[in-house]
Amino acid sequence: MSKAKPSAATGALSLPAVLAFASAAVPVGALTLAATVHLPRYFASELGLSLAVVGTIFALVRFIDIPIDAAIGVAMDRTRTRFGRYRIWMACGAPVLMLGFYMLIQSNSAVGALYLGFWLLVMYLGYSGIYLSHLAWGGRLAATYKERSRIFGAITALGVIGAMAVLLIPVFMTQAGASDAEGVRAMIWFIIISTAVTCALVVGLSPERIAKDHSTHFTLKDYAALFTRGNVVRVLAADLLVTLGPGWMAAMYLFYFKDSRGFDTAQANLLLLIYVAAGFAGAPFAAWLANRISKHRALIVNTTIYSLGLIALPFFPPGEFLIFAPGMFIVGAMAAGFTVMIRAICADIADELRLESGREWMGLMYAGITATSKLATAGSIFLTFNVLAAIGYQAQAGAVNTPEAIRGLEIAYIVGPIVFVMAAGACFFGYRLSAERHAEIQRKLEERDALIDPAAGLEAMTGEDLAPANRPS
């Protein structure tokens, strides 16, 4: 099977090649939303466990997964095979994820918490293999500063398709007369099948540029020192904050839109669908903006517009769907831009580290932002529910809240996300890794690689991918 080649003139992949590579984001986006919205309740009903027990199992597995992600990131960067560096991890991760999900879908009341925890961990190991290899591969595949924004914009946009499928499949199944459990099982089969198809597409068709390692002697102190570097701290802190902001908003979303804004559950969920779907426009917009004003400035613009959109929500007439819909679209589009910019900036910083150290850091960098995202996702629920308790808001079905409690909910819903996302933008004040600086880094990397490997120099001059998957690194 032939692999898509970059343009010899620009080093850029064609649009079909970019979309083929980005397609692995579809099952990733579907799984990410399903794991937070549908799967805990489904497994509680199927296994006869309480929501609290299932929620605890999910949380424990995710926390166990964080150090495993770091180990996988390090292992990816040190991988040397004739099939490539990141390609082999995606090829191995896909069947592991599919096996984990298949065993979970076979669960019933005869199995218990240990069964659920074990196969959840297997599923998430496969997920990490796919997700981290896809991001690191994308960061290395991009030939230029601008190409990186384009590739990660496509990845984010196709991830939205997966997330929308998770929202829509249960709706269609219910309309067809299926039960809620059957709708969730259909969703899981969608994730399994899309994983097989898209990962095969990426592994079979996408080229892989493998960065040369010029230094192999590294200790644990070298890895620990990575997380004291200014730009690394910037991107990790920013990722934590831009995940906390929307996560805070998501945790309070139904409470706010029902008790303050006057929408019923169906209307609130439809507005949420608009918010998610907006990422399909917001991701390419963020890539376009980044290629005109630089990535860190585009992130600052996104965080600012997102905050202004939240500030506007309390001034809209309660219950007016047609007025709220455009506002939710804008906020959702800006939130998708956060993901594009953080991922693209992370790859640029990995290049800077490789120039200084002589070895690859791409996988570990993406493991780092994956860890901060997981911490923020768990932390947002902990923080918001404690804030709601502190202001006296009652979340129980049928509870009647005082005007003071509703007012506290309104303030918390707006202020929390604004503080977090604006702080994320502020992380990049004084950031100097511009397009011009990155071009200089890239030029020096190519010159150094050419001294060791003449084929690398030819590749740099022509933009061709000279069978890198079969070349030792």
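Among Ala225, Ala277, Ala281, which is the only one that is over 20 Å from Val160 (Cα atoms) and out of contact with any Ser or Thr (no Cβ under 9 Å at 6 or more places or on another chain)? Reasoning before the result, please.
Working: Ala277 fails: over 20 Å from Val160 (Cα atoms); Ala281 fails: over 20 Å from Val160 (Cα atoms).
After ruling out the rest, the residue left standing is Ala225.
Hey, does region 146-155 have a residue that's more than 13 Å from Val26 (Cα to Cα), part of a helix (DSSP H, G or I), outside the structural domain of His296 (by TED's automatic domain parsing) and free of Cβ contacts under 8 Å to residues at least 60 places away in the same chain? Among the residues of region 146-155, not one is more than 13 Å from Val26 (Cα to Cα), part of a helix (DSSP H, G or I), outside the structural domain of His296 (by TED's automatic domain parsing) and free of Cβ contacts under 8 Å to residues at least 60 places away in the same chain, which makes the answer no. Is there a residue in region 252-274 that is in the same structural domain as Gly392 (by TED's automatic domain parsing), within 20 Å of the chain's Cα centre (by Cα) and over 22 Å from Gly379 (Cβ atoms)? Yes, because at least one residue in region 252-274 is in the same structural domain as Gly392 (by TED's automatic domain parsing), within 20 Å of the chain's Cα centre (by Cα) and over 22 Å from Gly379 (Cβ atoms).
Select from region 1-36 the residues that are closer than 30 Å to Gly247 by Cβ and surrounded by fewer than 18 Cβ atoms within 10 Å (Cβ to Cβ) and write down the one among them that is modelled with the highest pLDDT. Steps first, answer last, please.
In the first step, residues of region 1-36 are kept if they are closer than 30 Å to Gly247 by Cβ; the result is 18-19, 21-36.
Next, only the ones that are surrounded by fewer than 18 Cβ atoms within 10 Å (Cβ to Cβ) stay: 19, 36.
On the way: Leu19: 94, Thr36: 73.
Among residues in region 1-36 that are closer than 30 Å to Gly247 by Cβ and surrounded by fewer than 18 Cβ atoms within 10 Å (Cβ to Cβ), the one modelled with the highest pLDDT is Leu19.
The residues of region 162-205 that are farther than 16 Å from Cys92 by Cα, loosely packed, with under 15 Cβ neighbours inside 10 Å and β-branched (Val, Ile, Thr), listed by number, are Val171, Thr174.
Which one of Thr216, Thr228 is more than 24 Å from Thr372 (Cβ to Cβ), over 18 Å from the mean Cα position of the chain (by Cα), loosely packed, with under 15 Cβ neighbours inside 10 Å and at pLDDT below 90? Even if it seems obvious, please write down each step before you answer.
Numbers: Thr228 fails: more than 24 Å from Thr372 (Cβ to Cβ).
Just one listed residue meets the conditions, Thr216.
In a residue-by-residue description of region 169-182, the property of being closer than 29 Å to Ala17 by Cβ and in the same structural domain as Met90 (by TED's automatic domain parsing) applies to at least one position. Val233 meets each of the listed conditions (1) at pLDDT 85 or above; (2) loosely packed, with under 14 Cβ neighbours inside 10 Å; (3) over 29 Å from Ala347 (Cα atoms) apart from (3).
When we screen Ala154, Ala143 for residues that are at pLDDT 85 or above and not basic (Lys, Arg), the only hit is Ala154. So, Leu388, is that one at pLDDT below 90 and not assigned by TED's automatic domain parsing to the domain that holds Ser133 or not? Criteria met by Leu388. All of (1) crowded, with 24+ Cβ neighbours inside 10 Å; (2) under 22 Å from the mean Cα position of the chain (by Cα); (3) modelled with pLDDT under 90 hold for Tyr131 with one exception: (3). When we screen Leu355, Leu388 for residues that are surrounded by 17 or more Cβ atoms within 10 Å (Cβ to Cβ) and either touching a residue at least 60 places away in the same chain (Cβ under 8 Å) or under 22 Å from Ala35 (Cα atoms) (or both), the only hit is Leu388. Among the residues of region 322-340, is any modelled with pLDDT of 95 or more and among the hydroxyl-bearing types (Ser, Thr, Tyr)? The answer is no; no qualifying residue exists.
Kindly establish whether Glu446 is assigned to a helix (DSSP H, G or I), more than 25 Å from the chain's Cα centre (by Cα), without any contact (Cβ under 8 Å) to a residue 24 or more places away in the chain and surrounded by fewer than 14 Cβ atoms within 10 Å (Cβ to Cβ). Write out each step before concluding.
Numbers: assigned to a helix (DSSP H, G or I): yes; more than 25 Å from the chain's Cα centre (by Cα): yes; without any contact (Cβ under 8 Å) to a residue 24 or more places away in the chain: yes; surrounded by fewer than 14 Cβ atoms within 10 Å (Cβ to Cβ): no.
No.
So if I check each of Ala200, Ala178, which one is among the aliphatic types (A, V, I, L, M), part of a helix (DSSP H, G or I) and out of contact with any Lys or Arg (no Cβ under 7 Å at 6 or more places or on another chain)? Walk me through it before giving the result.
On the way: Ala178 fails: part of a helix (DSSP H, G or I).
Result: Ala200 is the single residue among Ala200, Ala178 that is among the aliphatic types (A, V, I, L, M), part of a helix (DSSP H, G or I) and out of contact with any Lys or Arg (no Cβ under 7 Å at 6 or more places or on another chain).
Applying the selection to region 97-119, what residues are within 12 Å of Leu31 (Cα to Cα) and aliphatic (A, V, I, L, M)?
Of all residues in region 97-119, those within 12 Å of Leu31 (Cα to Cα) come to 97-98, 101.
If the condition is that a residue be within 12 Å of Leu31 (Cα to Cα) and aliphatic (A, V, I, L, M), then Leu97, Met98 are the ones that fit.
Residue count for region 265-304 satisfying the condition of being of a type outside the set (Lys, Arg), part of a helix (DSSP H, G or I) and closer than 30 Å to Ser434 by Cβ: 22. Got at least one residue in region 48-66 being outside any helix (DSSP H, G or I), at pLDDT 90 or above and either among the hydrophobic types (A, V, I, L, M, F, W, C) or on the phi < 0 side of the Ramachandran plot (or both)? Taking every residue of region 48-66 in turn, none turns out to be outside any helix (DSSP H, G or I), at pLDDT 90 or above and either among the hydrophobic types (A, V, I, L, M, F, W, C) or on the phi < 0 side of the Ramachandran plot (or both).
The values are calculated or read from the model by the stated rules, or taken from the named source; none is laboratory data. On a predicted model such as this, the values are computed, not experimentally measured, just so you know. All Cβ positions, glycine included, derive from the backbone under ideal geometry; neighbour counts span all protein chains shown.
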